[in-house]
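*Asks:* Got a structure here, written out as structure tokens. Questions coming.
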Amino acid sequence: MRTTTGRLALLLTMGVALALAPKAVRAQDADTKTAPTGARAQDADIRQAPLLVRAQDADTDAPSDPEIPLPIGHQHMEKGGFYAAGEFLFFRQTDPLKNQVIAVRGLLDFDGSITADLNGTLVNPNTGTPVIIPGQAKPGTFIGSMATALSAQDVGPSSYEPGWRLTLGWKFASGIALDFSWMSLVENKYAAVATLVPPSLNPGPILADSFLFSPVYNFPNDFAGPPNKLAIGNPNAAYGIWNAASVMSIQFVQRFTEYDINSRIPIFETDYCRTYGLLGFRHVDMWENFSWRTVAEDFNGQADQTDVAIYNNIVSNQMYGPTIGFGTEMYLSHGFSISADLREATMIDFVREIAKYYRADFVTQSKRSKKDYTIVPELDGQFNVWWYPASGIQVRVGYDLMTFFNTISSPDPVSFNYGGLDPQYKSTFRYFDGFQAGIGFIF
């Protein structure tokens, strides 16, 4: 009896073991899928996140993820979640300025009294101050070499400027990712100056080239400048702040900011390659200011705010429109991959154009403001190298090229007609290109 009971107990134990064995195996398989090791690929679904937030692909020779004491990554990344990324940018942009001559060396004899004294006879009496007997007056005579002293392009060629891009987004379980990004470049400034010392260090036999002249006209008496700039001629013979000026400086400032709402939609995917669509909305803020400052000093080298004239030409391009594109990513090995994205945008450009002259004490000014509307197509191409050092961490280094067609700029920024400001504004092709490097985290 005891033998029979023992045999039944043994058979029952074996049956329970056989019944539980498949469940244990299935559970182990499930663990392998949800918690991959270095010998398996990370879940591919998380790669649908845009920008720095993509999948950490791995092949059989990839190392296992290190343990990092941060709240990033999780066992079920295929279900999606929140992600964030930050990037450092180093970009350059188009300088639209042309070679407009702004100032030349010399001065204009407004009433002819300067040339009369230059052509006159110097009398040295035995006692008293020497006297000039004026010769023939020639009003409107230009005195000097008229060599170019300052042009718009003197502000210099475009250079690289730093910036940043910040991204916040959410990846859905369906594989679609939606994010918001903010890109901004540091304000870019270019400057040039002309003074009483010409490049040749030779102001000429009568020092005429130590003065600067610009053909500004139609201005009121508020911009007459100091009356006695020279030791000869009548008061106000070199009439106007821009006539016989001592210092002229120009500055060109560029600002660029971009806001994007972007979605990444999976199209085709294998273990080592994937293709995705890009769909979103973009706002681009492109702002430029050309400023020109002129100082006219008297014979003793003195000047105040009433002897300083400033000119500004501001162009603001505010662009809004949808974006569409596609991209592909290919896994290499050891946690590295490469990707290429191409995007097109068709935006409405709301343009604001402002030109004005004003005196440094802000007592008087002349201003022109105008609004325009244009259509601006844009092409944006990126090439990136990705590195996935650990689950939930992704590093990107790449090159970006953005081209804008039909934006508005003022290549010849100065209007010399004070009373009827009319600087030219033209359609301009622009490009932005540079390098980007950053890191993203999946939470």
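The values are calculated or read from the model by the stated rules, or taken from the named source; none is laboratory data. None of these values were measured; they are calculated from a predicted model. Every residue, glycine among them, receives a Cβ derived from its backbone with ideal geometry; neighbour counts consider all protein chains shown.
*Asks:* Condition test on Ser291, is it crowded, with 18+ Cβ neighbours inside 10 Å, assigned to a strand (DSSP E or B) and polar (S, T, N, Q)?
*Replies:* Considered against the rule, which asks whether it is crowded, with 18+ Cβ neighbours inside 10 Å, assigned to a strand (DSSP E or B) and polar (S, T, N, Q), Ser291 comes out as no.
*Asks:* Can you confirm whether Lys356 is free of Cβ contacts under 8 Å to residues at least 24 places away in the same chain and farther than 30 Å from Ala173 by Cβ?
*Replies:* no
*Asks:* Is there a residue being farther than 30 Å from Tyr418 by Cα, part of a loop (DSSP other than H, G, I, E, B) and aromatic (Phe, Trp, Tyr) anywhere in region 318-330?
*Replies:* Within region 318-330 (the criterion being farther than 30 Å from Tyr418 by Cα, part of a loop (DSSP other than H, G, I, E, B) and aromatic (Phe, Trp, Tyr)), the answer is no, since none of the residues qualifies.
*Asks:* If you scan region 203-223, which residues turn out to be part of a loop (DSSP other than H, G, I, E, B) and surrounded by 17 or more Cβ atoms within 10 Å (Cβ to Cβ)?
*Replies:* Within region 203-223, Pro203, Gly204, Phe211, Ser214, Val216, Phe219 meet the criteria.
*Asks:* Answer with yes or no whether Tyr357 is within 30 Å of Ser151 (Cα to Cα), among the hydroxyl-bearing types (Ser, Thr, Tyr) and modelled with pLDDT under 95.
*Replies:* no
*Asks:* On the basis of being closer than 26 Å to Ala237 by Cβ, of a type outside the set (D, E, K, R) and touching a Gly at 6+ places or on another chain (Cβ under 9 Å), does Val197 make the cut?
*Replies:* no
*Asks:* Here is a further query. Inside region 232-262, can you point out the residues that are surrounded by 19 or more Cβ atoms within 10 Å (Cβ to Cβ) and in a strand (DSSP E or B)?
*Replies:* Within region 232-262, Ala245, Met248, Ile250, Phe252, Gln254, Phe256, Glu258, Asp260, Asn262 meet the criteria.
*Asks:* Hey, could you check region 392-413 for residues that are polar (S, T, N, Q) and surrounded by fewer than 17 Cβ atoms within 10 Å (Cβ to Cβ) and say which is farthest from Ile102 (Cα to Cα)?
*Replies:* Among them, the one singled out is Thr403.
*Asks:* In region 359-376, what count of residues is obtained for those that are without any contact (Cβ under 8 Å) to a residue 12 or more places away in the chain and assigned to a strand (DSSP E or B)?
*Replies:* Looking only at that region, the number is 1.
*Asks:* So for region 274-287 (the condition being hydrophobic (A, V, I, L, M, F, W, C), free of Cβ contacts under 8 Å to residues at least 60 places away in the same chain and over 24 Å from Ile102 (Cβ atoms)), does at least one residue qualify?
*Replies:* yes
*Asks:* I want to confirm something. Restricting to region 294-322 and keeping residues that are hydroxyl-bearing (Ser, Thr, Tyr) and buried (at least 20 other Cβ atoms within 10 Å of the Cβ), which single residue is nearest to Ser158 (Cα to Cα)?
*Replies:* Only one residue tops the list, namely Tyr311.
*Asks:* Among (1) surrounded by fewer than 16 Cβ atoms within 10 Å (Cβ to Cβ); (2) of a type in the set (Phe, Trp, Tyr); (3) at pLDDT 95 or above, where does Phe416 come up short?
*Replies:* The one condition Phe416 does not meet is (1).
*Asks:* If you don't mind, another one. Of all the residues that make up region 86-145, how many are of a type outside the set (Val, Ile, Thr) and within 30 Å of Pro162 (Cβ to Cβ)?
*Replies:* 14
*Asks:* Among Phe88, Phe110, which is surrounded by fewer than 18 Cβ atoms within 10 Å (Cβ to Cβ), modelled with pLDDT of 90 or more and hydrophobic (A, V, I, L, M, F, W, C)?
*Replies:* Just a single option satisfies the conditions, and that option is Phe88.
The rows are residues; the columns are (1) modelled with pLDDT under 95; (2) under 24 Å from the mean Cα position of the chain (by Cα); (3) part of a strand (DSSP E or B); (4) not aliphatic (A, V, I, L, M).
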| position | (1), (2), (3), (4) |
| --- | --- |
| Arg343 | no, yes, yes, yes |
| Met347 | no, yes, yes, no |
| Val351 | no, yes, yes, no |
| Pro389 | yes, no, yes, yes |
| Phe404 | no, yes, yes, yes |
| Ile408 | no, yes, yes, no |
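*Asks:* Okay, moving on. Within region 113-121, does at least one residue satisfy the condition of being touching a helix residue (DSSP H, G or I) at 6+ places or on another chain (Cβ under 9 Å) and in a helix (DSSP H, G or I)?
*Replies:* no
*Asks:* Go through (1) surrounded by 15 or more Cβ atoms within 10 Å (Cβ to Cβ); (2) part of a loop (DSSP other than H, G, I, E, B) for Ser200 and report which single condition fails.
*Replies:* Answer for Ser200: the failing condition is (1).
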